[in-house]
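Contents: one structure, followed by commentary.
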Amino acid sequence: MKSWTKAAAAMAVATCVASPVMAKSLVCVWDVAGKSGDVTSSAMDYVLAMQKNGVEMDIKGYVDERVAIEDFRSGQCDAVIATTLRTRPFNAISGSLDSIGATTIVRNGKIDIKASYDVVRKVIQVFSTPQAAKLMVEGNYEVGGLFPLGAAYPIVRDRKINSVEALSGKKIAAFDYDKAQGVMIGRIGAQPVSADVTNIGPKFNNGSVDMVTLPAVAYKPFELYKGIGTTGGIGRLPVLIPTVQIVLNKSKFPEGFGEKSRLYWLSQFDRALHFIEVAEKGIPASMWVDLPPENIPKYVQMFREARIEIAKEGIYNKRGLNIIKRARCDVNPSDAECASKTEID
């Protein structure tokens, strides 16, 4: 009996020594506000929640999004949390969510911002289903979740720039990693000026560009009030609703982790909306400008035409756009566009 006990104990020790201990995964986290920002806070809660699924993670913060992406691409991080505009190369379908005007809903000639966020929610719900799991994987990369960063509004240094016609010849900041922005700016006869998150605020504030398109969460960190001054303003026309995406190096996580991760971030959607609401309420009411209501349906149609053209150029993913259109028509079935099933064939 004693010899059996000794043998069993020896085997148990040997098994413990031989069993590999899964190392902590490192998540690169971009946050425009740094360590004190809402994205960082959400990422920390994500790490705690995923411990219940047996996955241990640490986070590394970045203010420069480009560096976060490059560190992830080079294998220094096992996952990255960054804007979908930056992560689009890892998954074209989920990257479609940040297409120009793709989630904007107009009812009775007015922007329905609640309905617009409902479209974003529905698309993320679709992406979080088991049926869509294969769509969330491209090569060794898997989308581990999405959440809204907040509607991006046109922000101008001069309130007289309140129409497409008034933008002709003006300089508009365009992220150099999103070709679609340059195409759209060129369509309206304006001049795209290359920018990224490290310099878009200064370029606007010092007058190098006449307009930027950013969500409310950028207002304070980028000190946009300096560029707006007493003559500028923020137009109440969401050009798009940027999202943040979690991308995983699939080989670094257990099988099935991606779906659990997506469901977690779906559960955080209302929390993200709260952060957005706080950011928008933090902007003085005097900064906001209501655009002429008769122009809004025209702009939304212009966005749609631009999306289709950009998709034909191969910049936007056609399948992704069609998924988003179905969500728009679920939310707003009376829209004339819903007479056809797809946005683009």
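Quick note: the coordinates plus some simple rules give every number you see, no bench work behind them. Keep in mind that what you see is a predicted model, and the values were worked out from it rather than measured. Backbone-built Cβ (ideal geometry, glycine too); neighbour counts: all protein chains shown.
What are the residues whose amide H is under 5 Å from the amide H of VAL289, where those residues sit 5 or more places off or on another chain and H is modelled from the backbone?
Here the answer is ILE234, GLY235, ARG236, since their amide H atoms fall under 5 Å of that of VAL289.
What residues qualify as long-range amide H neighbours of THR243, i.e. H under 5 Å apart, gap of 5 or more or another chain, H built at 1.01 Å from N?
THR84, LEU85, LEU149
Give me the one-decimal nm value for the distance between modelled label points at ASP176 and ASP71, 7 Å along each residue's Cα-to-Cβ direction.
2.1 nm
Say the cut-off is 18 Å between C-alpha atoms; which of LYS179/LYS318; LYS122/LYS179; LYS35/LYS220 go over it?
Details: LYS179/LYS318 16 Å; LYS122/LYS179 26 Å; LYS35/LYS220 15 Å.
Long pairs (Cα-Cα over 18 Å): LYS122/LYS179.
Give me the one-decimal nm value for the distance between modelled label points at LYS281 and ALA23, 7 Å along each residue's Cα-to-Cβ direction.
The two pseudo-label positions are separated by 4.5 nm.
Taking the simple approach of a point 7 Å from Cα along Cα-to-Cβ for both ASP158 and ILE308, what is their distance in nm?
3.4 nm
All other residues with a Cβ under 12 Å from the Cβ of THR129 taken together, and with Lys, Arg as +1 and Asp, Glu as -1, what is their net charge?
In short, +2.
Evaluate the charge dipole of the chain about its Cα centre and quote only its size in Debye, nearest 20, assuming +1 on the Cβ of each Lys and Arg and -1 on the Cβ of each Asp and Glu.
It works out to roughly 360 debye.
Report D for the chain in µm² per second (integer): Stokes-Einstein, Kirkwood Rh on Cα pairs, 20 °C, 1.002 mPa s.
Rounded to a whole number, D works out at 101 µm²/s.
When VAL212, VAL137, VAL106 are ordered from fewest to most other Cβ atoms inside 10 Å of their Cβ, what list results?
Exposure proxy ranking, most exposed first: VAL137, VAL106, VAL212.
List the residues whose amide H sits under 5 Å from the amide H of GLN191, counting only those 5 or more places along or on another chain, with H placed 1.01 Å from N in the peptide plane.
Residues meeting the amide H criterion: GLY169, LYS170, LYS171, ILE172.
Convert each backbone phi in the stretch 246-254 into a coupling constant with the Karplus relation 6.51 cos²θ - 1.76 cosθ + 1.60 (shift: θ = phi - 60°), then list the ³J(HN,Hα) values in order as whole Hz, x for Gly and Pro.
9, 10, 10, 7, 3, 6, 9, 10, x
Add +1 for every Lys or Arg and -1 for every Asp or Glu among the other residues with Cβ under 11 Å from the Cβ of LYS250, and state the total.
On the way: positive: LYS252; negative: ASP78, GLU138, GLU142, GLU255.
In short, -3.
Based on the Kirkwood radius over alpha-carbon pairs, what is the Stokes-Einstein translational diffusion coefficient of the stretch 149-277 at 10 °C with 1.306 mPa s viscosity, in µm²/s?
On the way: Rh = 16.2 Å.
Once the numbers are plugged in, D ends up at 98 µm²/s.
Cβ under 15 Å from GLU280's Cβ, GLU280 left aside: what net charge do those residues give with Lys, Arg +1 and Asp, Glu -1?
Numbers: positive: LYS114, LYS220, ARG236, LYS281; negative: ASP38, GLU277, ASP290.
In short, +1.
With a 10 Å Cβ neighbour count serving as the proxy for reagent exposure, in which order, fewest first, do TYR62, TYR264 appear? Walk me through the numbers before you get to the answer.
Details: TYR62 23, TYR264 19.
Lowest count first: TYR264, TYR62.
Give the lysines whose C-alpha is closer than 18 Å to that of LYS24, dropping any in the same chain fewer than 8 places away, or say none.
In chain and number order, the partners are LYS52, LYS60, LYS250, LYS252, LYS260.
Does the stretch 107-189 come out rounded, prolate or oblate by the C-alpha gyration tensor, with a ≥ b ≥ c the root eigenvalues, rounded set by a/c under 1.5 and, if not, prolate when a/b is larger than b/c and oblate if not?
Oblate shape, in that a/c is at least 1.5 and b/c is the bigger or equal ratio.
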